[in-house]
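> Quick one: the structure is below, questions incoming.
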Ligand code: GAR
């Protein structure tokens with residue numbers, strides 16, 4: 001691993017997790033640099049914010065490059081061109097094929113707004129409310145071939161309160177996402193980060 005890590009962040013929309021990651025790296029809280037923010041959606045709000053923060057951006061439109069594998073090959077090519085050590089999916093709303101998972105095996109993180117393995121997939125916060133859970137939360141995990149499934153790196157629990165709506169619960173979960181995602185990236189570059197089966201940890 002080089003002295004300072006090189007992080008590529010993939011987004012599809014607002015990009016608030018991307019912003020929290022970039023800010024943490026730029027503050028020096030994480031020993032890595034954001035070298036690329038890439039989106040599959042040209043109108044993704046986060047692209048403009050990334051540029052304002054001085055991070056190079058790229059767009060690889062899934063609508064223009066078909067099939068899925070061809071789009072992913074191009075995404076992988078651009079990430080490799082930027083010599084990315086770690087890929088952070090931050091609201092990147094694409095199901096990944098084995099091609100991309102294999103290219104960044106144990107070097108790709110995702111954040112999901114539930115306490116996995118509960119409520120994978122879309123609208124996790126609504127699923128949690130509908131199910132009547134008392135504790136919701138968020139998870140940073142390594143990406144494997146299954147959706148929202150790989151080894152868990154960090155989680156934060158968020159209590160559901162009376163009268164919670166999808167919006168109010170999502171907002172409180174998002175605050176925790178912004179705390180644990182930079183921390184997980186810091187752990188990754190710690191030098192003692194290990195993955196053993198489903199278990200990701202930092203050795204003592
Ligand atoms: C976040 O809540 C993230 O956890 C979720 O999308 C939102 C993106 O917000 N990701 C997933 O649901 C992935 N399965 P952001 O663009 O403001 O970071």
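The values are calculated or read from the model by the stated rules, or taken from the named source; none is laboratory data. Nothing here was measured: the structure is a model prediction, and the numbers come from that model. Glycine also receives a Cβ, built like all others from the backbone with ideal geometry; neighbour counts cover every protein chain displayed.
> What's the number of the only condition in (1) in contact with a helix residue (DSSP H, G or I) (Cβ under 9 Å, 6 or more places away or on another chain); (2) surrounded by 15 or more Cβ atoms within 10 Å (Cβ to Cβ) that residue 110 fails to meet?
Here residue 110 clears every test but (1).
> Considering only region 155-180, how many residues are farther than 13 Å from residue 125 by Cβ and within 12 Å of the chain's Cα centre (by Cα)?
Within region 155-180, residues that are farther than 13 Å from residue 125 by Cβ and within 12 Å of the chain's Cα centre (by Cα) number 2.
> Follow-up question, since we're still on this one. Across region 6-26, what is the total count of residues that are near the ligand (Cβ under 8 Å from one of its atoms), within 22 Å of residue 71 (Cβ to Cβ) and either out of contact with any helix residue (DSSP H, G or I) (no Cβ under 6 Å at 6 or more places or on another chain) or in a strand (DSSP E or B) (or both)?
Matching residues across region 6-26 total 3.
> Considering (1) within 14 Å of the ligand (Cβ to nearest atom); (2) under 24 Å from residue 72 (Cβ atoms), say which one residue 137 fails and leave the rest.
Every listed condition holds for residue 137 apart from (2).
> So, in region 1-14, how many residues would count as being at pLDDT 95 or above, surrounded by fewer than 24 Cβ atoms within 10 Å (Cβ to Cβ) and either touching a strand residue (DSSP E or B) at 6+ places or on another chain (Cβ under 8 Å) or closer than 15 Å to residue 54 by Cβ (or both)? I'd like the intermediate steps shown before the answer.
Within region 1-14, the subset at pLDDT 95 or above is 5-14.
Still in the list and also surrounded by fewer than 24 Cβ atoms within 10 Å (Cβ to Cβ): 5-6, 12-14.
Pick out the ones that are also either touching a strand residue (DSSP E or B) at 6+ places or on another chain (Cβ under 8 Å) or closer than 15 Å to residue 54 by Cβ (or both) and you get 5-6, 12.
Number satisfying all stated conditions: 3.
> Right, next: Would you confirm, using the coordinates I've provided, whether residue 93 is closer than 22 Å to residue 44 by Cα, surrounded by 15 or more Cβ atoms within 10 Å (Cβ to Cβ) and within 16 Å of the ligand (Cβ to nearest atom)?
Answer is no for this residue.
> Follow-up. For residue 158, all conditions in the list (1) buried (at least 19 other Cβ atoms within 10 Å of the Cβ); (2) in contact (Cβ under 8 Å) with a residue 40 or more places away in the chain hold save one; what is the number of the exception?
(2)
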